[in-house]
Amino acid sequence: MIKTILVGFGFAAKVFHLPHLVHSDKYEVVGVVSRSKASKEHSEVSHIPVYETVEEALSLSDATLYIITTPSDRHYDMLKQCILAGKDVLVEKPAFLTVEEGKELIQLTQNSESIVSVHQNRRWDGDFLIIQKLLHEETLGDWKVLESRFDRFRPVIRNRWREQPGAGSGILYDLGSHLIDQALVLFGEPDAIYAEVMTQRENGQTDDGFFIVFHYGEKRVYLRSSSFINSTYPRFELHGLKGSFLKYGLDKQEPQLIDGTYYQGKENEAGTIYMEDTKNVTIEPGGYDHFFSLLADGLISRKPVVSLEEALKVTRFIELARISSHEGRMLKKKNG
């Protein structure tokens, strides 16, 4: 079994990581890094050590895998410590906040035995997987427009680090990391990007909405998020020469993990194809658990599931989106 340390013990650790670890026969959680002693009270980790710092865990534990789920501005330093110690790492997105940080960490891994994977779990959303399938099979013919949106109705700022001023906060780093990554997986790097990154909430000091356009020749990808949408919009729209596909609502894996029903049976979802005839399409459940199976296999084969190089592209387009928004112009891809 892979001896594992959870670094951080907040929402991400408890919802997106711990359930998969404890339901797998490939992992053994042997410690938690948290300054909150309340971490010991969790039923699944009450019997294991709680370390106050990564340095303490590295010096006292024989764990080989560190899963970093802390606020984003701490990822770089913690990743660096683990890489220099030769540990394998799974890090929450965004893996780092700047292109410069990413390049440095990639260089460090090239001179280390560490394997670093980035937790881009939304690649295993059921609706994203069916979008991949429709594109691969050209069900809608040559595609022309993809719209992908991830809204959260939060018109009032909450006392959470993601919504407070500081490095790594804001909705572009949070939800934008998912949407940009999915677009890059589907279509690669765009020819040009235009973006509007917004701060619209009262007393807001970090971004709470964005509108990003990726240009692929005459084709377009629209990525959107808003804290003021309290009505139903399609999560995905895919339009091609033969018709359209629409899917409403977010993937159901997250709420199932929150309420503890994920491993009692995943739920099917549905989308609709509009062609000569309109038909509903069953969307098979996604597979966040599959990510952790691939991670375990990758630690044996010494290959990441989602690499730092892929994370570097996401961070680069986050930076370009901010530049485009600030300057109010489209940025074209440089030759070479």
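The values are calculated or read from the model by the stated rules, or taken from the named source; none is laboratory data. Because the structure is predicted, anything quoted here is derived from the model rather than measured. Glycine also receives a Cβ, built like all others from the backbone with ideal geometry; neighbour counts cover every protein chain displayed. Remember, those area values only see protein heavy atoms, side chains included, never the ligands or the DNA or RNA. Shrake-Rupley method; radii C 1.70, N 1.55, O 1.52, S 1.80 Å.
Within the stretch 17-39, the set of residues being surrounded by 20 or more Cβ atoms within 10 Å (Cβ to Cβ), modelled with pLDDT of 95 or more and not in a strand (DSSP E or B) comprises HIS17, LEU18, PRO19, HIS20, LEU21.
Those residues that are closer than 18 Å to LYS333 by Cα and open to solvent by 20 Å² or more (accessible area, probe 1.4 Å), I need them from the stretch 161-185; list them, please. Result: LEU184, VAL185. Within the stretch 124-142, identify whether any single residue is hydrophobic (A, V, I, L, M, F, W, C), touching a helix residue (DSSP H, G or I) at 6+ places or on another chain (Cβ under 8 Å) and farther than 27 Å from ASP297 by Cα, and answer yes or no. Taking every residue of the stretch 124-142 in turn, at least one turns out to be hydrophobic (A, V, I, L, M, F, W, C), touching a helix residue (DSSP H, G or I) at 6+ places or on another chain (Cβ under 8 Å) and farther than 27 Å from ASP297 by Cα.
Does the stretch 256-269 contain any residue that is among the aliphatic types (A, V, I, L, M), under 18 Å from LEU179 (Cβ atoms) and open to solvent by less than 50 Å² (accessible area, probe 1.4 Å)? The answer is no, given that none of the residues of the stretch 256-269 is among the aliphatic types (A, V, I, L, M), under 18 Å from LEU179 (Cβ atoms) and open to solvent by less than 50 Å² (accessible area, probe 1.4 Å). In the stretch 201-211, the condition of being without any contact (Cβ under 8 Å) to a residue 12 or more places away in the chain, open to solvent by less than 50 Å² (accessible area, probe 1.4 Å) and assigned to a loop (DSSP other than H, G, I, E, B) is met by no residue. Of the residues that sit in the stretch 144-160 and are free of Cβ contacts under 8 Å to residues at least 24 places away in the same chain and among the basic types (Lys, Arg), which one is surrounded by the most Cβ atoms within 10 Å (Cβ to Cβ)? Among those residues, the one meeting the criterion is ARG160. Please work out if ASP73 is among the charged types (D, E, K, R) and closer than 30 Å to MET1 by Cβ. Judged against the criteria, ASP73 is not a match. For the stretch 91-111, indicate whether the set of residues that are outside any helix (DSSP H, G or I) and over 19 Å from the mean Cα position of the chain (by Cα) is non-empty. The answer is yes; a qualifying residue exists. Looking at the stretch 279-326 only, could you name the residues that are open to solvent by less than 90 Å² (accessible area, probe 1.4 Å), free of Cβ contacts under 8 Å to residues at least 24 places away in the same chain and assigned to a helix (DSSP H, G or I)? Answer for the stretch 279-326, where residues must be open to solvent by less than 90 Å² (accessible area, probe 1.4 Å), free of Cβ contacts under 8 Å to residues at least 24 places away in the same chain and assigned to a helix (DSSP H, G or I): LEU294, ASP297, SER301, ILE323.
With respect to the conditions (1) in a loop (DSSP other than H, G, I, E, B); (2) buried (at least 20 other Cβ atoms within 10 Å of the Cβ); (3) under 20 Å from the mean Cα position of the chain (by Cα), LEU140 falls short on a single one, namely (3). Annotation for the stretch 50-68: at least one member residue is in contact with an Asp or Glu (Cβ under 8 Å, 6 or more places away or on another chain) and of a type in the set (Ser, Thr, Tyr). For the stretch 311-336, taking the residues that are more than 20 Å from PHE211 (Cα to Cα) and out of contact with any strand residue (DSSP E or B) (no Cβ under 7 Å at 6 or more places or on another chain), the one that is modelled with the highest pLDDT is identified as LEU312.
Total residues in the stretch 264-305 satisfying the condition of being closer than 30 Å to SER114 by Cβ and acidic (Asp, Glu): the figure is 2. Annotation: of all residues in the stretch 221-241 being surrounded by fewer than 17 Cβ atoms within 10 Å (Cβ to Cβ) and more than 22 Å from the chain's Cα centre (by Cα), the one that is nearest to PHE187 (Cα to Cα) is LEU241. Annotation note: of ALA13, ALA63, the sole residue that is more than 23 Å from TYR263 (Cβ to Cβ) and either in a loop (DSSP other than H, G, I, E, B) or open to solvent by less than 20 Å² (accessible area, probe 1.4 Å) (or both) is ALA63. Scan the stretch 121-137 residue by residue and report those that are open to solvent by less than 40 Å² (accessible area, probe 1.4 Å) and either among the charged types (D, E, K, R) or more than 22 Å from ASN268 (Cβ to Cβ) (or both). Of everything in the stretch 121-137, those that are open to solvent by less than 40 Å² (accessible area, probe 1.4 Å) and either among the charged types (D, E, K, R) or more than 22 Å from ASN268 (Cβ to Cβ) (or both) turn out to be ARG122, ARG123, ASP125, ASP127.
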